[in-house]
Amino acid sequence: MTEETLSNLLKEDRRFEPPAEIAEHANLTAEAYDRAAADPEAFWAEQAGRLDWTQQWDQVLDWSNPPFAKWFVGGRLNAAYNCVDRHVEAGRGDKVALHWVGEPEGDTRDLTYAQLQDEVCQAANALTELGVTAGDRVAIYLPMIPEAVVAMLACARIGAPHTVVFGGFSSEALASRLVDCQAKVIVTSDGGYRRGSAAALKPAVDEAREKSSAQGHDVEKVLVVRRTGQDLGEGGWDDAVDVWWHDAVAGASTEHTPESFDSEHPLYVMYTSGTTGKPKGILHTTGGYLTGTSYTHWAVFDLKPETDVYWCSADIGWVTGHSYMVYGPLANGVTQVMYEGVPDSPERGRWWKIIQDYKVTIFYTAPTAIRSFMKQGREIPDRYDMSSLRILGSVGEPINPEAYVWYRHVIGGDRTPVVDTWWQTETGMIMISPLPGVTHGKPGSAMTPIPGVAAEVVNEAGEPVANGSGGYLVLTQPWPSMLRTIWGDDERFKDTYWSRFRNEGFYFAGDGAKKDDDGDIWVLGRVDDVMNVSGHRLSTTEIESALVSHPKVAEAAVVGAKDEDTGQAVCAFVILREEAGDGGDDIVAELRQHVRKEIGPIATPRQIMVVPELPKTRSGKIMRRLLRDVAEHREVGDVTTLADSSVMDLISQGLTGTA
Ligand code: WTA
C-alpha cells in the first residue's frame, strides 16, 4: 500500500457508536480489557470453563519451552461431545444446529442437534470400522454439505486429526497434503453443485491417490458421499479402496461413547501458503483451540445462543470455516445457516434471500464479496427484508472504508455494528476486533486486541511504534488457540514466526500495520511474499514453481497487484525457454490453464506477461517491487540496485501476451 493511500485511509473519520440495545445487554463490557490484562491466565481459565472437561487441568499455561505452548495441561475433553452431545443432554436436542441450503433451489435440509449427534456417532463408528484410530490423519475433500461438518466432528470424536482440503484445490495440491500428513483415509463426494451444474470431485481424489502412491504414501480407504449422483466414469470406482458413505455411515450404529483426549491432543492440520513453495501444515490442538474459538465467537459477535441465527459464508476448506462454522458456533450451541453454492446462483440476490428466509441475525463474510455486491448495486439487496440482522462481520483482508460503510448501510440498514476481525490460520481465533457493544466502529480499522489478547505494532528493533506510525504486527503473549507447530517441521515453525523478534519473544504475524492517533490498529497487508487474493492466501513462490514446471517456461516471477474486486490479483512475468520461440498464440491461455491444474482456479493469474528478462539485484534476487509497478501501471521506481538497469526498459518494450 502506498503512503498516499495510507494517509487517505487515516483521514477516514466516520465513527459509529455501538447501538444502545446491544451495549445494554453486551456479553462483555469495557471492564473485561483490564481484567484480562491484569491476569490473563485467570481470564483464560474462566473462558475454558465454557467447555465440559472430563478432567480438570492442573496448569493453565505451560510456557517453559517457548515457542511450544501447552494450554490447560492435564485437562481432558472430547471436542465433538462439546460441540454436539452436551447440547442434547441439556435438553436442546430439538434445536436446529444447521439450516443447510443446497445450491439447487429447494434443496434444503435442517439438522437438529440430536440428528447431528446421531450422524456424528455413525460416522465415528464407520471411520473406526475402516481402521482409523486416535492419532491417524483423515483428509476431507468435500463441498459445503452437512457431511463435511459431520466428518470433521467424527474425526474429532475419535481423536483422528482431520485435514480439510478446499474442494477448489487441484489433485496436485491434494496429493501434496496427503503425503505431508500421511493421511490414512480420505472423505470425499462424487461431486458438488456449482453455478447450477454438477462438478466432479472423485476423479481428482483418484488422481491424488495415485500421485501420493508415486511418492511412497498409500491412502488406505476413500469414503464417498453421493451428492450429485453423477457417473463416476470408467475405472472411477475401486472396490478395494472406495466405500460409499450411505453404506458405511448410514448403516452404522448411532451409539458411540466419546473418549476423552488430552487437552493438547492434535485436533486438525490446516495447510496454508507460506513464503516458500511448500504449504505449511498448521497444527491446532483440542482444549485451547476450542476455548479460544468458543470464547471469541461469543464475545466478538455478542452471541445470544437462544435467539441468534448465525451465518458465516466461508468455505469449510479454510480456517474461518473451521473456527467460525464448525467449532466456535457448535460449541456455543447456536443455530446456524450453511450454504453450498456461490453467491449469485441462480440469481444475484441469493445470499440476501437466505438472510431473509432464515431471519439471520449475525452475518460474517469477506470484503471481496462485499465489493462485488457493491459493484452490482444496492437495488439487488434492497429487494429483501434483512431487518433481522443485528451484527455484521468481516474477515480475510483489510476492508476498505467504502466497502465497510456500504456493508453497514445497505446490508445492515445502518443499525448494525460491523466487526472487522483480524486473525490468521495460525492464530486459530479472532485476535483484533471491535466488540459490538463496547467499541465504536471506525471504517477500515480492526481497532484493538480483544480482551485476553496482547498485540503490538513494532519497528525493526521490536520496539512499539508511536501512535500515528506503522510497523510490523506482532502478538506479545501466548494465547490458547495458537498454532502448536508446523506439522512435522518444528524448525520451520520457529523460523517463520519466532525468529524475527526472538529476543522479545514476539510472534511475527507477517502483516504490516499502523497505529492511528488513538492507538487503534489498521492492518495494511502482508509484508512477505504472500498474496491475498479474495481473502485467500497464496504464495508467490508456489505459483512461480507451478509456472516453471511448464515445459515452455524458463523463469517466472509473480507479484500481487492491487485489484478493485479481489484486493490483490496474481500477475506473472515469464521468460520462455529458447526452444519455445514466442510460445505460440495461445501461450498465455496455456499457462493460465497450467496454473489452474497445478494449484487450483483461485491461483489463476489475472495477467501473464511474457518478458525477455527479469529485474534482479546483483545477488540474483528478483525485485518484485519493480514488477509490481509494471503490473499496477505505475512509473517504475528506483532501479539503482538492479544488476542491469536496462532490464526494465526491455520489459516495458517487450510486453506481449497481456491477458
Ligand atoms: C489477512 C484468515 C486485514 C492478513 C482468517 C492475515 C486481514 C491473513 C484481516 C490471514 C483483517 C485476515 N484485516 N487483514 N480483518 N483478516 N487478514 O490464514 O494478511 O487465511 O495475515 O486467515 O489474512 O489469512 P488466513
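Laboratory data are not the source of any read-out in this text; all were calculated from the coordinates shown. No experiment lies behind these values; they were computed from the predicted model shown. Please note: Cβ atoms are built from the backbone with ideal geometry, for glycine as well, and neighbour counts cover all protein chains shown.
As a quick test, which of the pairs 442/514; 280/621; 202/280 have an alpha carbon distance above 18 angstrom in this structure? 280/621; 202/280, as the Cα separations exceed 18 Å there.
3J(HN,Hα) along segment 187-198: 9, 8, 9, 4, x, x, 9, 9, 6, x, 10, 7 Hz, from the Karplus curve 6.51 cos²θ - 1.76 cosθ + 1.60 with θ = phi - 60°, whole Hz, x for Gly and Pro. Centre-to-centre separation between the Cα atoms of segment 330-389 and those of segment 200-249: 33 Å. Here's how it looks for residue 97: its modeled amide H is under 5 Å from those of 111, 112, 113, which are all 5 or more places away or on a different chain. Quick check: net charge around residue 161, other residues with Cβ under 9 Å of its Cβ, Lys/Arg +1 and Asp/Glu -1? Spelling it out: positives minus negatives among the neighbours equals 0. Take the Cβ atoms of residue 304 and residue 549, set R0 to 45 Å, and the FRET efficiency comes out at 0.30. Each of 350, 502 was scored by other Cβ atoms within 10 Å of its Cβ. Listed from fewest to most, they are 502, 350. Compute the orientation-averaged projected area for the chain from the convex hull of its Cα atoms and round it to one decimal in nm². In nm², the orientation-averaged hull projection of the chain is 28.7.
Note on segment 79-259: the C-alpha convex hull projects to 10.1 nm² when averaged across all orientations. Placing unit charges on the Cβ atoms of the charged side chains and taking the dipole of the chain about its Cα centre, the candidate lying farthest along the positive direction among 558, 59, 435 is 435.
Within the straight-line cut-off of under 13 Å between alpha carbons, the aspartates and glutamates reachable from residue 70 are 41, 58, 62, 262, 264, sequence neighbours fewer than 8 places apart in one chain being disregarded.
Database remark: amide H of residue 108 closer than 5 angstrom to the amide H of 102 (H placed geometrically; neighbours at sequence offset of 5 or more, or on other chains; Pro and chain starts carry no H). Of the residues 619, 254, 149, the one whose Cα sits farthest towards the positive end of the charge dipole of the chain is 619 (charges of +1 on Lys and Arg Cβ, -1 on Asp and Glu Cβ, taken about the Cα centre). Magnitude of the charge dipole for the chain, about its Cα centre and with charges confined to Cβ atoms of Lys, Arg (+1) and Asp, Glu (-1), is about 360 debye. Tell me, rounded to the nearest percent, the portion of alpha carbon pairs in segment 509-659 spaced more than 27 Å apart. Summing the P(r) of segment 509-659 above 27 Å gives 24 percent of all pairs. If the chain linking residue 260 and residue 210 were pulled fully straight, counting 0.36 nm for each residue of separation and taking away their Cα-Cα distance, it would gain 14.5 nm. Set Lys and Arg Cβ to +1 and Asp and Glu Cβ to -1, take the dipole of the chain about its Cα centre, and tell me which of 170, 387, 73 lies farthest positive. Most positive-ward Cα: 387. Here the convex hull built on the C-alpha positions of segment 462-572 has a volume of 150 cubic angstrom per residue.
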